[in-house]
Amino acid sequence: MSVDRRRGIATVCLSGTLEDKLAAAAAAGFDGVELFENDLLASPWSPERVRQECADLGLSIDLYQPFRDFEAVPPDVLALNLRRAELKFDVVERLGADTVLVCSSVSPDAVDDDDLAAEQLHTLAEHAGRRGLRVAYEALAWGRFVNTYDRAWRIVRSADHPALGVCLDSFHVLSREVDPVAIRTIPGEKVFFLQLADAPRLRMDVLQWSRHHRLFPGQGAFDLTSFVDHVLATGYRGPLSLEVFNDVFRQSDPRAAAVDAMRSLLLLQEPPDAAPVLGGHAYTEIDVDETAAARVGAALAGLGFAAAGRHRSRPVELWRQGDARIVLHHRDPAHGGHAAVTAVAVASPDPTTSAARATSFLAPSLGATAVAAPDGTSVVFCRDDQDWLADFTTQPDAGEHADAGVLGTDHVGLTEPFDRFEQAGLFYRAVLGLHLDDETEFAAPFGLVRRHSVVDRGHRVRIALDSTLVRRGSWGPDVREPQHVAFTTSDAVASARVMRGLGAPLLDIPDNYYDDLDARFAPDPGLLAALREFSVLYDRDEHGEFLHFCTEVLGDRVYFEVVQRIGGYSGYGAVNAPVLMAAHRRRRRAAHDR
């Protein structure tokens, strides 16, 4: 989908007071806002002041919402509802807005009578039309009787008033699993407003799903590209506006959340396959202090890497094996074992263009060919011809253990705080043009872990993102936000054998795991014996097989992994993650006890 539309956001999406929300929306580049009534009620600003503040910020007020429980009610209730509506219309006029959102009723006073609903909505539209206002009628997914967009449209069509149209909300439509293709039959002039929200697929009460679990476009499971295409096919000319209820977003810095929101709309509007083709992982940079540098360097040597060069002007060391490259950036020695992934570099045929595209998605620039991720990690774009290697002098004694078997980098694994997990996934999808490849969750020794993995269309760049719930108190894992770099091999067992011989600090996996592996998969006895001997883990699905093993954690949070993919296996061995986490803890506890 490639459309140039005004972009809006509902104030309910963001945390803070109305002043905070408007400032954040304007700073992120939004053209307008949907003003949620609760935000106005809590504000000391008069409607006229709100109108002026929005104008000063370059924001229009595109919609005032919500007006609830109006239609299909007895005459006495209708009279009260019309009085309430007139008072709200006064507010809308003072705000300088022209459209009011009316939700389908959940009132116990309402009856199941579409003709009566149409008649009363016609009356409401008549009152609004006299003031030059419009009424956008929306079918709530949990509406008492009207809970689908097609029924709402039938009522609006029957009411037949120029000041009455429909509001189409992607959550209310797609959560009901009603085919949205019939949206195309609605005349564009009767689609008064479009609200967009994504969401994960959950089996739960739809009201609770909506109020707590909505996401920005691109963060969930809904096909919003097709949904918006259906709406635009009607001739709709209004803004693309976000309405997202999410507990995490509404407790987050509104400025960061607004940037995420805008990024999601930019990504939704980008044409398919517009991102430049990536050539793979160029290198991964790890910051190390003096203590960690010795451990990380020894581990890399044990994995068969060679110290291949030093940077000409910075305290940076290059390690390589095959097409896999690790850059160690030596920092202040006073950190006591600190090691962290600080840069992910990917190969691009045009690094400057790739970086410019990334900044167009609101990624902070770090120079002509690099941007910053939300957690501070640098994303660097390098030419495919590896001209960045010219910054390094060659080590005279650089040699590789060719039989260690590392071919390249398979993926980089990052752990994000719970409240930045969705943000990180959206960032990498947008700035690198990646797509969601694998989504899972698993019970780990210290609680539930969520994992989203994103990959480019050529499967050359993979990033695995993990997150856990916020922990409080002193009980928890030794490594709270681990990171890892995974290397590829064509023979995991052979690589594990060589690397153990070279002294790599690889994890030991208990026999219980291999007994269960035998029960689940009945692998060839020779393979099972080799897996057990060298502590190589195994997984299999309908597409292929996956073998992998890991080093201990080096410093405070980084470890290395070696993986072998057979066939079309595209996952990351999530079923084995709890076993690896337990092994990591045993190794660190043993080291501590010594």
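Could you please let me know if G304 is assigned to a loop (DSSP other than H, G, I, E, B), open to solvent by less than 30 Å² (accessible area, probe 1.4 Å) and modelled with pLDDT of 95 or more? Working first, answer last.
Numbers: assigned to a loop (DSSP other than H, G, I, E, B): yes; open to solvent by less than 30 Å² (accessible area, probe 1.4 Å): yes; modelled with pLDDT of 95 or more: yes.
Criteria met by G304.
If S570 meets every condition in (1) modelled with pLDDT of 95 or more; (2) of a type outside the set (A, V, I, L, M, F, W, C); (3) assigned to a loop (DSSP other than H, G, I, E, B) apart from one, which number is that one?
Of everything listed in (1) modelled with pLDDT of 95 or more; (2) of a type outside the set (A, V, I, L, M, F, W, C); (3) assigned to a loop (DSSP other than H, G, I, E, B), S570 misses just condition (1).
Among the candidates F549, F521, single out the residue that is in contact (Cβ under 8 Å) with a residue 24 or more places away in the chain and in contact with a Leu (Cβ under 9 Å, 6 or more places away or on another chain).
Of F549, F521, the one residue that is in contact (Cβ under 8 Å) with a residue 24 or more places away in the chain and in contact with a Leu (Cβ under 9 Å, 6 or more places away or on another chain) is F549.
What are the pairs, 6+ residues apart or on separate chains, where a residue within segment 276-295 that is touching a residue at least 60 places away in the same chain (Cβ under 8 Å) and under 17 Å from V485 (Cα atoms) has its Cβ under 6 Å from a residue that is charged (D, E, K, R) and open to solvent by 40 Å² or more (accessible area, probe 1.4 Å)?
These pairs meet every condition: G280/R460.
Mind listing whichever residues of segment 340-369 are among the hydrophobic types (A, V, I, L, M, F, W, C) and either part of a strand (DSSP E or B) or out of contact with any helix residue (DSSP H, G or I) (no Cβ under 6 Å at 6 or more places or on another chain) (or both)?
Taking segment 340-369 first, the residues among the hydrophobic types (A, V, I, L, M, F, W, C) are 340-341, 343-347, 355-356, 358, 361-363, 366, 368.
A340, V341, A343, V344, A345, V346, A347, A355, A356, L366 - these are the residues of segment 340-369 that are among the hydrophobic types (A, V, I, L, M, F, W, C) and either part of a strand (DSSP E or B) or out of contact with any helix residue (DSSP H, G or I) (no Cβ under 6 Å at 6 or more places or on another chain) (or both).
Here is a yes/no grid of residues against (1) open to solvent by 50 Å² or more (accessible area, probe 1.4 Å); (2) hydrophobic (A, V, I, L, M, F, W, C); (3) within 23 Å of the chain's Cα centre (by Cα); (4) at negative phi:
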{"site": "G8", "(1), (2), (3), (4)": "no, no, yes, yes"}
{"site": "S15", "(1), (2), (3), (4)": "no, no, yes, yes"}
{"site": "E19", "(1), (2), (3), (4)": "yes, no, no, yes"}
{"site": "A26", "(1), (2), (3), (4)": "no, yes, yes, yes"}
{"site": "V33", "(1), (2), (3), (4)": "no, yes, yes, yes"}
{"site": "F36", "(1), (2), (3), (4)": "no, yes, no, yes"}
{"site": "L40", "(1), (2), (3), (4)": "no, yes, no, yes"}
{"site": "S46", "(1), (2), (3), (4)": "no, no, no, yes"}
{"site": "L57", "(1), (2), (3), (4)": "yes, yes, no, yes"}
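Return the total of residues in segment 93-114 being farther than 30 Å from R49 by Cα and more than 35 Å from the chain's Cα centre (by Cα). Don't jump to the end; show me each part of the working.
Residues of segment 93-114 that are farther than 30 Å from R49 by Cα, as a first pass: 104-114.
Filter once more, so that each one left must be more than 35 Å from the chain's Cα centre (by Cα): 107-114.
Number of matching residues: 8.
Residues of segment 81-94 being of a type outside the set (D, E, K, R) and surrounded by 14 or more Cβ atoms within 10 Å (Cβ to Cβ), which ones? Walk me through it before giving the result.
If we filter segment 81-94 for residues that are of a type outside the set (D, E, K, R), which is where we start, we get 81-82, 85, 87, 89, 91-92.
Answer for segment 81-94, where residues must be of a type outside the set (D, E, K, R) and surrounded by 14 or more Cβ atoms within 10 Å (Cβ to Cβ): N81, L82, A85, F89, V91, V92.
Does L224 fit the bill of being under 17 Å from A261 (Cβ atoms), touching a Cys at 6+ places or on another chain (Cβ under 8 Å) and open to solvent by less than 10 Å² (accessible area, probe 1.4 Å)?
Numbers: under 17 Å from A261 (Cβ atoms): yes; touching a Cys at 6+ places or on another chain (Cβ under 8 Å): no; open to solvent by less than 10 Å² (accessible area, probe 1.4 Å): yes.
Taking the combined requirement at face value, the residue does not satisfy it.
Looking only at segment 495-534, which residues are farther than 18 Å from Y559 by Cβ and touching an Asp or Glu at 6+ places or on another chain (Cβ under 8 Å)?
Hits for segment 495-534 are V498, L528, R532.
For A261, are the conditions met, namely being part of a loop (DSSP other than H, G, I, E, B), crowded, with 20+ Cβ neighbours inside 10 Å and aliphatic (A, V, I, L, M)? Outline the logic, then answer.
Values: part of a loop (DSSP other than H, G, I, E, B): no; crowded, with 20+ Cβ neighbours inside 10 Å: yes; aliphatic (A, V, I, L, M): yes.
Here the answer is no, as A261 does not meet what is asked.
Could you give every pair whose Cβ atoms fall below 8 Å, whose first residue belongs to segment 440-451 and is touching a residue at least 40 places away in the same chain (Cβ under 8 Å), and whose second residue is exposed (fewer than 13 other Cβ atoms within 10 Å of the Cβ) and not in a strand (DSSP E or B), counting only separations of at least 6 or pairs across chains?
Qualifying pairs under 8 Å: F446/G476.
Condition check: under 30 Å from D384 (Cβ atoms), open to solvent by 20 Å² or more (accessible area, probe 1.4 Å), at pLDDT 90 or above and not in a loop (DSSP other than H, G, I, E, B). Does V498 satisfy that?
Values: under 30 Å from D384 (Cβ atoms): yes; open to solvent by 20 Å² or more (accessible area, probe 1.4 Å): yes; at pLDDT 90 or above: yes; not in a loop (DSSP other than H, G, I, E, B): yes.
Yes: the conditions hold for V498.
From the list V206, V173, V178, which residue is open to solvent by less than 10 Å² (accessible area, probe 1.4 Å) and of a type in the set (V, I, T)? Steps first, please.
Details: V206 fails: open to solvent by less than 10 Å² (accessible area, probe 1.4 Å); V178 fails: open to solvent by less than 10 Å² (accessible area, probe 1.4 Å).
It is V173.
What strands (runs of 3 or more DSSP E) completely inside segment 17-119 contain at least 3 residues that are touching a helix residue (DSSP H, G or I) at 6+ places or on another chain (Cβ under 7 Å)?
Working: elements: 32-36, 60-67, 99-103.
Passing ranges, in order: 32-36, 60-67.
For A97, work out the one condition from (1) open to solvent by 60 Å² or more (accessible area, probe 1.4 Å); (2) in contact (Cβ under 8 Å) with a residue 60 or more places away in the chain it doesn't fulfil.
(1)
Could you please find all residues in segment 216-238 being assigned to a loop (DSSP other than H, G, I, E, B), of a type outside the set (V, I, T) and either over 16 Å from I9 (Cβ atoms) or modelled with pLDDT under 95 (or both)?
G218, Q219, G220, A221, F222, D223, A233, G235, Y236, R237
Which pairs turn up if I take residues in segment 15-37 that are at pLDDT 95 or above and look for partners that are assigned to a loop (DSSP other than H, G, I, E, B) and among the aromatic types (F, W, Y) with beta carbon separation below 8 Å, at least 6 apart in sequence or on another chain?
Hits for this filter: L18/W45; E19/W45.
Could you tell me which residue of segment 127-137 is farthest from the chain's Cα centre (by Cα), considering only residues that are surrounded by 15 or more Cβ atoms within 10 Å (Cβ to Cβ) and in a helix (DSSP H, G or I)?
First, pick out the residues of segment 127-137 that are surrounded by 15 or more Cβ atoms within 10 Å (Cβ to Cβ): 127-129, 133-137.
Then drop every residue that is not in a helix (DSSP H, G or I), which leaves 127-129.
Numbers: H127: 43, A128: 40, G129: 41 Å.
Once the filter is applied, the top-ranked residue is H127.
Open to solvent by less than 40 Å² (accessible area, probe 1.4 Å), over 30 Å from L506 (Cα atoms) and either among the small types (G, A, S) or modelled with pLDDT of 90 or more (or both): which single residue out of A373, A356, A368 fits that description? Can you show your working first?
Working: A356 fails: open to solvent by less than 40 Å² (accessible area, probe 1.4 Å); A368 fails: open to solvent by less than 40 Å² (accessible area, probe 1.4 Å).
That would be A373, the only listed residue that is open to solvent by less than 40 Å² (accessible area, probe 1.4 Å), over 30 Å from L506 (Cα atoms) and either among the small types (G, A, S) or modelled with pLDDT of 90 or more (or both).
For L266, all conditions in the list (1) open to solvent by less than 30 Å² (accessible area, probe 1.4 Å); (2) farther than 20 Å from L22 by Cβ; (3) touching a residue at least 60 places away in the same chain (Cβ under 8 Å) hold save one; what is the number of the exception?
Condition (1) is where L266 drops out.
Can you pull out every residue in segment 509-528 that is loosely packed, with under 13 Cβ neighbours inside 10 Å and part of a helix (DSSP H, G or I)?
Within segment 509-528, D511, N512, D515, D516, A519, R520, P525, G526 qualify.
Take P254 and tell me if it is more than 30 Å from T551 (Cβ to Cβ), in contact (Cβ under 8 Å) with a residue 60 or more places away in the chain and either more than 24 Å from the chain's Cα centre (by Cα) or crowded, with 18+ Cβ neighbours inside 10 Å (or both).
Numbers: more than 30 Å from T551 (Cβ to Cβ): yes; in contact (Cβ under 8 Å) with a residue 60 or more places away in the chain: yes; either more than 24 Å from the chain's Cα centre (by Cα) or crowded, with 18+ Cβ neighbours inside 10 Å (or both): yes.
So P254 passes the test.
Which of the residues belonging to segment 421-441 are open to solvent by 40 Å² or more (accessible area, probe 1.4 Å), farther than 17 Å from L362 by Cβ and either among the hydroxyl-bearing types (S, T, Y) or assigned to a helix (DSSP H, G or I) (or both)?
T440, the sole residue that qualifies.
Kindly indicate which of L78, L140 is surrounded by 19 or more Cβ atoms within 10 Å (Cβ to Cβ) and within 30 Å of G29 (Cα to Cα). Lay out the reasoning, then the answer.
Working: L78 fails: within 30 Å of G29 (Cα to Cα).
Matching residue, one of L78, L140: L140.
Consider S495 carefully, then state whether it is over 25 Å from A294 (Cβ atoms) and among the hydroxyl-bearing types (S, T, Y).
Working: over 25 Å from A294 (Cβ atoms): no; among the hydroxyl-bearing types (S, T, Y): yes.
Against the criterion (over 25 Å from A294 (Cβ atoms) and among the hydroxyl-bearing types (S, T, Y)), S495 does not qualify.
The values are calculated or read from the model by the stated rules, or taken from the named source; none is laboratory data. In this text the structure is predicted, and so the values were computed from the model without any measurement. Methodologically, a virtual Cβ is constructed for each residue, glycine included, from the backbone with ideal geometry; neighbour enumeration extends over all protein chains shown. Ligands, DNA and RNA are stripped out before the accessible areas are found, and what is left, the full protein with its side chains, is counted by its heavy atoms. Shrake-Rupley method; radii C 1.70, N 1.55, O 1.52, S 1.80 Å.
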